[in-house]
Amino acid sequence: MTARGIVLSLCDRTGIMVMPWLDAGYSAITVDLQPAANPHPHRHHIVADVTEWRYPKHLPPPVIAFAFPSCSDLAVSGARWMREKGLTALIHALQVVDACRQICEDSGAPFMIENPVSTLSTYWREPDWMFDPCDYGDPYTKATCLWVGGGFVMPERIRPGDMFDPPTWVEPTKGSMILNYGPSADRVDKRSATPPGFAGAVFKANARAA
Ligand SMILES: C[S@@+](CC[C@H](N)C(=O)[O-])C[C@H]1O[C@@H](n2cnc3c(N)ncnc32)[C@H](O)[C@@H]1O
């Protein structure tokens, strides 16, 4: 582990969210049921179920925590399938979110939990923030909600004319990137990958405090 501190990211296969932190010299722990995409020497990826995993007590607490629990059984867009999926799928999806919440809150660090527009608003509480990836320079729309705590700083949206270095905002593509993917085995993973512009903006907004 590096001296700058540890960044924790749950339900994170790609590690895109921790990349700006790795580039700045932090270490990262990512946890997912699936093996890591994009390995990095200072990224320690743990293949585990977050409902059975806890942050190791012997490590210093993380400087920030992120979580991307699966949305397939919670998304509003899938609500009409809920009756077919049944209560067991719903309860499990909520248990995964609750495990993320517990680990994030226990960390004492700033944290954010991400989900699309989802039934979490009903089962838990309204999200603290909503954004589209194009708000941070990623060229697509996908209404995304954040539940945050511990002093997490929501980054300013990047808009044309803003004095960012350099301006990275681009016109969103018509509709959603999701629709642009044809049927493929990794379609679900592609559409759920963290938008890199958002990851960079979160780093800029939170690293100074971390
Ligand atoms: C919506 S995707 C988020 C992907 C993330 N944004 C990324 O860039 O890798 C949800 C992720 O949660 C993982 N997952 C689902 N259930 C899990 C569990 N119980 N414990 C750990 N990871 C889980 C999935 O394998 C998937 O990678």
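The values are calculated or read from the model by the stated rules, or taken from the named source; none is laboratory data. The structure presented is a predicted model; accordingly, all values stated were derived computationally and were not measured. Cβ coordinates were reconstructed from backbone atoms using ideal geometry, including for glycine residues, and neighbour counts include every protein chain displayed. What goes into the accessible areas is simple: the full protein's heavy atoms, side chains included, and nothing from ligands, DNA or RNA. Shrake-Rupley method; radii C 1.70, N 1.55, O 1.52, S 1.80 Å.
Only one of the numbered conditions (1) at negative phi; (2) of a type in the set (G, A, S); (3) in contact with a helix residue (DSSP H, G or I) (Cβ under 8 Å, 6 or more places away or on another chain) is not met by G137, and that is (1).
Among the conditions (1) in contact (Cβ under 8 Å) with a residue 24 or more places away in the chain; (2) under 17 Å from S192 (Cα atoms); (3) in a loop (DSSP other than H, G, I, E, B), the only one that A93 does not satisfy is (3).
You will find that of P56, P20, the residue that is open to solvent by 20 Å² or more (accessible area, probe 1.4 Å) and more than 16 Å from the chain's Cα centre (by Cα) is P56 and no other. When G86, G25 are checked against the criterion of being more than 15 Å from the chain's Cα centre (by Cα) and part of a helix (DSSP H, G or I), a single residue qualifies: G86.
Every test in (1) open to solvent by 30 Å² or more (accessible area, probe 1.4 Å); (2) within 16 Å of the chain's Cα centre (by Cα) is passed by A99 save one, and that test is (1). Can you find even one residue in the range 69-88 that is touching a residue at least 12 places away in the same chain (Cβ under 8 Å), over 22 Å from P127 (Cβ atoms) and not hydroxyl-bearing (S, T, Y)? Yes - at least one qualifying residue is present in the range 69-88. When R159 is tested against the conditions (1) at pLDDT 70 or above; (2) not in a helix (DSSP H, G or I), the lone failure is (1).
More than 13 Å from the ligand (Cβ to nearest atom) and at pLDDT below 95 - does that describe any residue in the range 3-15? Yes: one or more hits. All of P69, P62, P56 fail the test of being assigned to a loop (DSSP other than H, G, I, E, B) and either within 18 Å of F203 (Cα to Cα) or among the basic types (K, R) (or both), apart from P62.
Residue-wise test of (1) farther than 26 Å from A205 by Cα; (2) of a type in the set (D, E, K, R); (3) out of contact with any strand residue (DSSP E or B) (no Cβ under 7 Å at 6 or more places or on another chain); (4) not in a loop (DSSP other than H, G, I, E, B).
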| position | (1), (2), (3), (4) |
| --- | --- |
| T14 | no, no, yes, no |
| T30 | no, no, no, yes |
| P35 | yes, no, no, no |
| N115 | no, no, no, yes |
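Is it the case, given these coordinates, that M112 is of a type in the set (A, V, I, L, M), open to solvent by 20 Å² or more (accessible area, probe 1.4 Å) and at pLDDT 95 or above? Judged against the criteria, M112 is not a match. Taken together, A28, A37 contain a single residue that is within 14 Å of the ligand (Cβ to nearest atom), closer than 23 Å to G197 by Cβ, touching a His at 6+ places or on another chain (Cβ under 8 Å) and open to solvent by less than 40 Å² (accessible area, probe 1.4 Å), which is A28.
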